């Protein structure tokens, strides 16, 4: 499979969490999430156009924090118009953005951006609920039985 997300060629880090069986690399995660991302996991302000550009549309922050759960590292944000941030990951110097395809050719700068913190992002209840939904859906897709 050809991967078109930013940094896919550098996304050769291994999972530090075994919570999601079968997810060993970010490429494995992308493969599974491609069937999990949905309108419900999309940011509410972008749902009207989901998936106008790509299934990754409006999925960046909750996905980046899930990537951090599985692979470690830090989450950074590219400043966007309106004061928002597009989130991506840096794991031990491997910078990748598994939701970048939503920008369809727009070039983003992945250097010198501010670190993003889940406490800030998840202060928005709807975002935290979308993140929890994404985690549960990923577990199901990995064959983990519900609690």
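No value in this document is a laboratory result; all are computed from the given coordinates. All values reported here derive from a predicted model rather than from experimental measurement. Positions of Cβ are generated from backbone atoms using ideal geometry, with glycine treated the same way; all protein chains shown enter the neighbour counts.
Annotations
- For region 1-85: rounded, prolate or oblate by the Cα gyration tensor [a/c cutoff 1.5]: prolate
- Helices in the chain, meaning DSSP H runs of at least 4 residues, each add -39500 (n - 2.57). Divided by all residues, the mean residue ellipticity at 222 nm is -8500 deg cm²/dmol.
- Multiplying the residue separation of residue 133 and residue 84 by 0.36 nm and subtracting their alpha-carbon distance yields 15.4 nm.
- Ordering 127, 145 from the fewest to the most neighbouring beta carbons within 10 Å gives 145, 127.
- If you take the Cα centroid of region 76-147 and the Cα centroid of region 43-63, the two points sit 11 Å apart.
- Cα point-scatterer Debye curve for the chain, base-10 log of I(q)/I(0) at q = 0.09, 0.21 Å⁻¹: -0.24, -1.56
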